Amino acid sequence: MSEYFRVGGADTDFATAVTFSRSGTAMKINSLGLLVEVSDGVARRNAYYYNSSNVLTKGGLLLESAAATNLIANSNSFTSINNGTGTQDATGPDGTTSAWTIVDDGSTGSGQVYESESVTVATETTYTASIFAKADQNNWITISAIGFTTPSNSDAFFDLANGVTGTVDAGIDDARMEYYGNGWWRCSITFTTDASDTSGFIRNFVCATDNSTNITLDGTNSVLMYGKQFEEGPIATSYIPTSGSTVTRAAETLSIAAADLPYSATAMSFSMKGLMTYADNGIAIGNGGDGGEVEFYRWTINNNDYIRAALDTGSGRIGRVDFVQEASSTRDVVSSATDAYSPGYNVPFSIAARHGSTFINGAVDGTALTVNETPTALPALSTTDFQVAPVLNGFVSEFRMWGTDIGDTGIEEVTA
């Protein structure tokens, strides 16, 4: 489907319909399935991903609302290999000769073949280490956290032939694989440091099988590697290339000007579709319009007057969608099931809501919730800009707003 923008009943373009901001460059997958750089300040429109069947699929606008820093200073350098060599001679996820063949040195006997990165960490903080890898003569790699108190020398094994994780040690919070086309997988581990950890190592091993980092050093063990990343947080965000120093990808914002919104003091409706990547961090939605693991949209004057939709993972909930409106400190909510969504990478979502001066209701994936008829007013938001995806790591494929009530039938239809 091609891009389509419309404001006030008239066709328009992206720059007129919304305001986008990001300082610096960022990466995306293009329509050819290649990892490419997007220029400074340019939105990552027409971004693609590989779905659960490993099929290249259009995601829409790729947005990452939080800044992220790749703490590895040389993200695509594999020149120092224990018991092996690295040669930059293979086609990488970007379609150029950017990937490295990592092969054992043939020195006979057995040993470990790995690339190692020394990293500095903060105490009691969650980090994610990731690397792109592709099977060559061998089908297995391991990512290991070494030299930390927590985790204590822990491994996660990845099967590059079948795209599944193998043995994952207890010290690893999470281990995941994302497909990037042409046999490439982005493998990642997540772990949390303890109160005494300040440094350690991330090691990427060539392996022959699950649950063993020892291989025969006969010159016939190899895998392809590209693009290391080590960052704070529970997920692997989009790849941030570095060359000589750490690099921060800036936060992205997307908003719609108040003048372009069909505000109504009696009833309005919203719908939004896309994909979200999130971990269950136990983030609840609080009073005053704050909180949420994911925030789909936010329209607010202050903590007492706002409309928003967000994902709640607090108190045992893994993905409850809350539709909220508050007017003059009177707060009304409609909530989905606590497990409407589950944590993961590129989780599809389709939500809608109808807000009125005497009602509020929402719909998730084609099913309307139970209407709340206790509201007595809508917040006065006619002069306030609207924030789209203020807390999101993922894709926005569709956003719509009406200055009227489309009813429960309408919100079911637009989310089906």
Total formal charge among the other residues, if their Cβ is under 9 angstrom from that of G292, Lys/Arg +1 and Asp/Glu -1: -4
In Å, descending, principal axis extents of the Cα set of region 255-358: 37, 26, 22
GNM top mover of Q229, Q88, Q137 - the chain, alpha-carbon springs below 10 Å: Q137
Region 81-248, relative contact order in percent, only Cα pairs under 8 angstrom and at least six apart counted: 33 percent
Principal axis box of region 25-110, alpha-carbon based, largest edge first, Å: 51, 30, 22
Full-extension gain in nm, S315 to S21, via 0.36 nm per residue minus C-alpha separation: 102.5 nm
Dimensions in Å of region 284-338 - Rg and Dmax from alpha carbons: 10.4, 31
Gap separating the Cα centres of region 231-275 and region 373-407, nearest whole Å: 15 Å
For G166, net neighbour charge (Lys/Arg +1, Asp/Glu -1) across residues whose Cβ lies under 14 Å away: -3
Distance histogram in 5 Å bins (all Cα pairs of region 199-325, percent per bin): 2, 7, 12, 13, 13, 12, 11, 9, 7, 5, 4, 3, 2, 1, 0, 0
Longest site-free stretch - the chain; sites: GluC sites (Glu not before Pro), DSSP loop, at most 13 other Cβ within 10 Å: 125-372
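Compute the relative contact order of the chain as a whole-number percentage, counting only Cα pairs closer than 8 Å that sit 6 or more residues apart in sequence. Display every interim value, and only then the final one.
Values: 1236 pairs, mean separation 73.1, N = 416.
Computed value for the chain: 18 percent relative contact order.
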Projected label distance in nm at S328 and N182, using a 7 Å step from Cα toward the beta-carbon: 6.2 nm
29 Å tail of the calculated P(r), region 81-248, as % of Cα pairs: 14 percent
Separation of alpha-carbon centers, region 315-353 and region 137-152, rounded to whole Å: 36 Å
Sequence of L311, L381 once ranked by neighbouring C-beta atoms within 10 Å, starting from the fewest: L381, L311
Choice from F399, F191, F14 showing the highest fluctuation, given a GNM over the chain with Cα pairs closer than 10 Å: F14
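Return the calculated 222 nm mean residue ellipticity for the chain, to the nearest 500 deg cm²/dmol, obtained by summing -39500 (n - 2.57) across DSSP H runs with n ≥ 4 and dividing by the residue count.
Details: 2 runs with 13 residues, N = 416.
After summing the helix terms and dividing by the residues of the chain, the value is -500 deg cm²/dmol.
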Counted charge near N30, where neighbours are those whose Cβ lies closer than 12 Å (Asp, Glu -1; Lys, Arg +1): +2
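For region 340-409, what is the convex hull volume of the alpha-carbon atoms per residue, in Å³? Walk me through the numbers before you get to the answer.
Details: hull volume 8.5 nm³, N = 70.
So the per-residue hull volume is 122 Å³.
Considering all alpha-carbon pairs of the chain, what whole percent are spaced by more than 42 angstrom? Please list the in-between numbers first.
Values: 17632 of 86320 pairs.
Result for the distance tail: 20 percent.
Every number in this text was worked out from the coordinates using simple rules, so none of it is lab data. These numbers were taken from a predicted model, which means no experiment stands behind them. FYI the Cβ positions are ideal-geometry reconstructions off the backbone, even for glycines, and counts take in every protein chain you see.
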